[in-house]
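Accompanying notes for the structure given below.
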Amino acid sequence: MNALALKKGASKKSAYHLRAPVEEKEERHCLTVLVDNEPGVLARVIGLFSGRGYNIESLTVAETDHLGHRSRITVVTTGTPMVIEQIKAQLGRLVPVHDVHDLTVESAHVERELALVKVASQGNERVEALRLKDAFRARVVDSTLASFVFELTGSPEKIDAFIELMRPLGLVEVARTGVAAITRGAEGM
Amino acid sequence: MAKQMTGAEIVVRALKDQGVDVVFGYPGGAVLPIYDEIFKQNDIRHILVRHEQGATHMAEGYARSTGKPGVVLVTSGPGATNAVTGMTDALMDSIPMVVLTGQVPTFMIGNDAFQEADTVGITRPCTKHNWLVKDTDRLADTIHKAFHVATHGRPGPVLIDIPKDVQFARGTYTEPKDARTETYQPRTEGDADAIEAVVDLLEEAERPILYTGGGVINSGPQASRLLRELVAETGAPVTSTLMGLGAYPASGANWLGMLGMHGTYEANMAMHDCDLMVCIGARFDDRITGRTDAFSPMSRKVHIDIDPSSINKNIHVDIPIVGDVGRVLEVLLERWRARGSKTGDQSAWWSQIAAWKAVDCLRYQPSQKTIKPQHAIERLEALTRGMDRYVTTEVGQHQMWAAQFMGFDEPNRWMTSGGLGTMGYGLPASIGVQIAHPESLVVNVAGEASWLMVMQEMCTAVQYRLPVKQFILNNERLGMVRQWQELLHGERYSHSYSEALPDFVKLAEAFGCKGIHCNDPADLDEAIREMLAYDGPVIFDCLVEKHENCFPMIPSGKAHNEMLLGEASTEGAIDAGGAVLV
């Protein structure tokens with residue numbers, strides 16, 4: 001094919017490897033990265049993704065070990081298997097990174113996300129929103145006569161589904177935390 | 001009671017404890033306290049450069065020729081931003097370097113203070129790691145850790161940003177042995193089973209090739225020695241990247257020459273046709289592989305590299321081994337000898353290689369009238385071979401010709417900007433090399449365009465009486481750009497011609513060194529001898545053929561076995577697919 005017609009970012013490997021973007025299947029992977037909570041560590045991780053053209057679908061970070069100053073970054077990314085391996089290797093060689101785990105391939109795991117969903121409506125729509133809230137086991141964390149703020153936790157798909165249902169019922173805005181993930185079973189990482 | 005001292009004292013003390021004997025730097029407001037401490041001592045020599053980029057390339061030249069990290073000291077803001085090119089260069093070529101930058105005082109950071117820049121932000125992608133030190137008590141520990149990170153695993157540049165108030169404040173000195181380096185310990189031992197599998201493959205192979213790179217040199221002289229033993233044991237042919245020249249001697253019987261875009265025909269054909277490729281400390285860079293989906297289709301591939309992210313990045317390999325090249329080769333040889341291994345029958349392979357060699361790919365049209373650049377380098381090689389010699393280069397055609405026509409029998413003797421391709425590298429690098437090796441011959445093979453980029457560093461050479469020889473192949477053009485415009489852009493030579501060049505002999509006189517001009521092939525040997533005999537820095541203006549192209553060449557987007565040789569038609573050699581590539 002004519003390489004000049006290729007879209008930007010179509011070549012996933014070396015500049016000499018010209019191929020169509022559909023040729024290798026992209027996969028979604030959930031990575032957990034344990035890092036020293038030092039200044040700039042998040043910028044290093046994000047800079048790596050943007051600098052090398054990798055995708056970030058979701059990213060969460062917080063210090064999980066206050067005494068050891070360790071933070072846990074959960075990043076959901078997409079890429080071909082070769083790109084995913086590169087992402088893990090590139091993350092692993094950052095100096096403040098202690099451990100990189102690919103939960104998608106390493107073990108069964110749970111992924112959860114929290115969303116705050118603001119809905120403003122009256123009458124039947126308001127009642128329907130409340131009914132769906134119960135079906136999704138969401139909670140009301142703020143209400144006025146004209147609005148609700150729902151708090152919902154669950155898998156990203158569940159939250160997507162809830163937001164879609166709220167759209168015709170007066171959806172105003174959404175705040176999402178991004179995915180936090182942990183392995184199932186007794187073993188820690 | 002631990003020792004208390006000022007931050008500036010800590011910096012100088014930590015550098016001494018790290019065994020630093022020379023610092024390349026340029027003073028400014030935000031590093032004055034450190035310069036005050038440097039003034040008060042004589043253990044560390046400070047080399048005053050003329051531009052911070054020069055300091056970083058000098059540190060690279062020093063590091064590449066000694067194996068020790070190069071140290072740079074510059075001020076905040078523009079001092080730091082000027083050092084960015086050299087740090088990026090060192091990152092691409094895996095050169096250990098420690099850069100100390102001054103910063104505005106901590107209480108002014110973020111206020112757009114005079115000469116303030118977000119140095120750690122700017123240099124985050126062009127260093128292996130960097131630190132902003134806000135507490136004098138942490139300063140010594142951070143400096144020791146920085147040296148550890150720069151020199152362990154895959155080497156690279158690190159930066160420490162030190163605000164001026166941290167330099168003035170008093171704090172506790174931490175000894176190197178007490179520094180916290182345990183969190184960064186890259187793996188050096190290769191997987192034993194994988195090494196055993198490589199022995200199996202080497203026993204079976206009938207068409208093996210060893211493809212070596214800068215990792216062999218970075219691993220230390222021991223690794224080059226072991227490589228030579230491995231070649232002697234297996235009888236395999238050896239090729240190398242630009243960065244790895246000298247690890248296996250160019251005079252060795254199994255040497256095929258450099259591979260890649262301007263590598264030899266025999267090296268590239270052997271890479272394409274081999275049945276076993278053992279990549280040792282190289283990274284399948286795009287200059288090496290050409291078109292990746294046509295890269296060495298019949299071979300099984302082994303990759304030894306200390307950096308896990310180099311594995312399977314461009315080329316999928318069958319046996320990856322993460323570890324230090326020297327350690328892996330040591331174990332590999334141990335297993336090879338313990339098993340009493342022998343290689344398969346390579347006689348057909350070697351006769352094929354002899355046929356490729358007979359093509360004589362580096363052949364060029366000699367001339368009695370003008371100096372051919374290849375001829376100039378051949379004469380330089382002939383007249384300096386066997387001397388205690390170090391060679392640096394700038395970037396472009398002259399660099400490739402130097403790689404093709406000069407032979408290196410030892411590691412750490414060849415300093416060139418490979419990954420980043422930094423024009424302006426060679427002159428300061430030659431100064432850094434000469435500082436480390438004051439008695440040796442140091443030649444910078446240059447092009448006039450590259451050389452002009454940092455020519456102010458001639459002042460540094462003159463100030464410190466460094467007899468560096470600047471061997472400039474002057475074609476009055478950006479030769480490699482011109483070559484690509486000829487091949488790719490219909491001979492439209494857009495801005496690749498320098499209309500105004502200085503008189504290099506007068507320039508040399510202005511700098512206070514010696515200038516030599518040569519434009520007649522008959523005078524060349526005598527002029528080179530004059531350059532070598534002169535006890536001081538020389539600018540040699542060698543006027544060469546203006547339209548010479550660098551061959552052989554793998555055109556962009558083509559495979560190894562589609563090389564262009566010197567007399568080949570170059571019309572339409574690069575198709576639309578290749579044209580988008582660099």
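The values are calculated or read from the model by the stated rules, or taken from the named source; none is laboratory data. Source: prediction; values computed, not measured. No Cβ is skipped: glycine too gets one built from the backbone with ideal geometry, and neighbour counts run over all protein chains shown. Note: accessible area is taken over every heavy atom of the protein model, side chains too, but ligands, DNA and RNA are not part of it. Shrake-Rupley method; radii C 1.70, N 1.55, O 1.52, S 1.80 Å.
Quick notes on this structure:
- So A:ARG93, is it in contact with a Leu (Cβ under 8 Å, 6 or more places away or on another chain), open to solvent by 20 Å² or more (accessible area, probe 1.4 Å) and within 14 Å of chain B (Cβ to nearest Cβ): no
- Any chance B:THR181 is farther than 15 Å from B:VAL317 by Cβ and in contact (Cβ under 8 Å) with a residue 40 or more places away in the chain: no
- In this structure, B:THR460 does not satisfy being β-branched (Val, Ile, Thr) and surrounded by fewer than 22 Cβ atoms within 10 Å (Cβ to Cβ).
- Residue ranges of strands (runs of 3 or more DSSP E) in the stretch B:93-194 with at least 2 members in contact with a strand residue (DSSP E or B) (Cβ under 7 Å, 6 or more places away or on another chain) and closer than 17 Å to B:LEU73 by Cβ: B:97-103, B:129-132, B:157-163
- Verdict on B:SER450 being part of a helix (DSSP H, G or I) and of a type outside the set (A, V, I, L, M): yes
- Test set (1) within 18 Å of the chain's Cα centre (by Cα); (2) surrounded by fewer than 18 Cβ atoms within 10 Å (Cβ to Cβ) - A:HIS66 fails condition number: (1)
- Residue in the stretch B:83-96 that is open to solvent by less than 10 Å² (accessible area, probe 1.4 Å), of a type in the set (Val, Ile, Thr) and either away from chain A (no Cβ under 14 Å) or under 30 Å from the mean Cα position of the chain (by Cα) (or both) present: yes
- Search result, residues across the stretch A:69-90 that are farther than 18 Å from A:GLU24 by Cα, more than 9 Å from chain B (Cβ to nearest Cβ) and open to solvent by 20 Å² or more (accessible area, probe 1.4 Å): A:HIS69, A:ARG70, A:ARG72
- Strands (runs of 3 or more DSSP E) lying entirely in the stretch A:54-128 (those with 3 or more residues that are touching a Phe, Trp or Tyr at 6+ places or on another chain (Cβ under 9 Å) and not assigned by TED's automatic domain parsing to the domain that holds A:PRO168): A:70-79
- Meets criteria (buried (at least 24 other Cβ atoms within 10 Å of the Cβ), at pLDDT 95 or above and not polar (S, T, N, Q)) for B:ALA403: yes
- Close pairs from the stretch B:148-177: first of a type in the set (Lys, Arg), partner in a strand (DSSP E or B) and open to solvent by 20 Å² or more (accessible area, probe 1.4 Å), Cβ under 6 Å, at least 6 apart: B:ARG170/B:GLN4; B:ARG170/B:THR6
- Note on the stretch B:285-294: residues that are touching a Phe, Trp or Tyr at 6+ places or on another chain (Cβ under 8 Å) and assigned to a loop (DSSP other than H, G, I, E, B) amount to 2.
- Single residue of the stretch B:298-307 satisfying the filter (away from chain A (no Cβ under 14 Å) and assigned to a loop (DSSP other than H, G, I, E, B)) that is surrounded by the fewest Cβ atoms within 10 Å (Cβ to Cβ): B:MET298
Residues checked against (1) among the aromatic types (Phe, Trp, Tyr); (2) within 28 Å of B:ASN254 (Cβ to Cβ); (3) surrounded by fewer than 21 Cβ atoms within 10 Å (Cβ to Cβ):
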| site | (1), (2), (3) |
| --- | --- |
| B:ALA150 | no, no, no |
| B:ARG154 | no, yes, no |
| B:PHE168 | yes, no, yes |
| B:THR181 | no, no, yes |
| B:THR188 | no, yes, yes |
| B:GLU204 | no, yes, yes |
| B:ILE209 | no, yes, no |
| B:GLY213 | no, yes, no |
| B:ARG225 | no, yes, yes |
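Conditions (1) on the phi > 0 side of the Ramachandran plot; (2) among the aromatic types (Phe, Trp, Tyr); (3) surrounded by fewer than 24 Cβ atoms within 10 Å (Cβ to Cβ); (4) assigned to a helix (DSSP H, G or I), marked per residue:
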site	(1), (2), (3), (4)
B:VAL216	no, no, no, yes
B:ALA232	no, no, yes, yes
B:ALA247	no, no, no, no
B:HIS272	no, no, yes, yes
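- Residue pairs whose Cβ atoms lie under 6 Å apart, sitting 6 or more positions apart in sequence or on different chains, and linking a residue in the stretch B:121-138 that is in contact (Cβ under 8 Å) with a residue 60 or more places away in the chain to a partner that is of a type in the set (Gly, Ala, Ser) and open to solvent by less than 70 Å² (accessible area, probe 1.4 Å), are B:THR136/B:GLY7; B:THR136/B:ALA169; B:THR136/B:GLY171.
- Residue within the stretch B:321-329 that is more than 23 Å from the chain's Cα centre (by Cα), among the hydrophobic types (A, V, I, L, M, F, W, C), open to solvent by 10 Å² or more (accessible area, probe 1.4 Å) and more than 12 Å from chain A (Cβ to nearest Cβ) present: no
- Hits in the stretch B:38-81 (condition: open to solvent by less than 30 Å² (accessible area, probe 1.4 Å), over 27 Å from B:TRP414 (Cα atoms) and of a type in the set (A, V, I, L, M, F, W, C)): B:ILE38, B:ALA80
- When B:SER310 is tested against (1) over 21 Å from B:ASP191 (Cβ atoms); (2) modelled with pLDDT of 95 or more; (3) among the hydroxyl-bearing types (Ser, Thr, Tyr); (4) buried (at least 18 other Cβ atoms within 10 Å of the Cβ), just one condition goes unmet, and that condition is (1).
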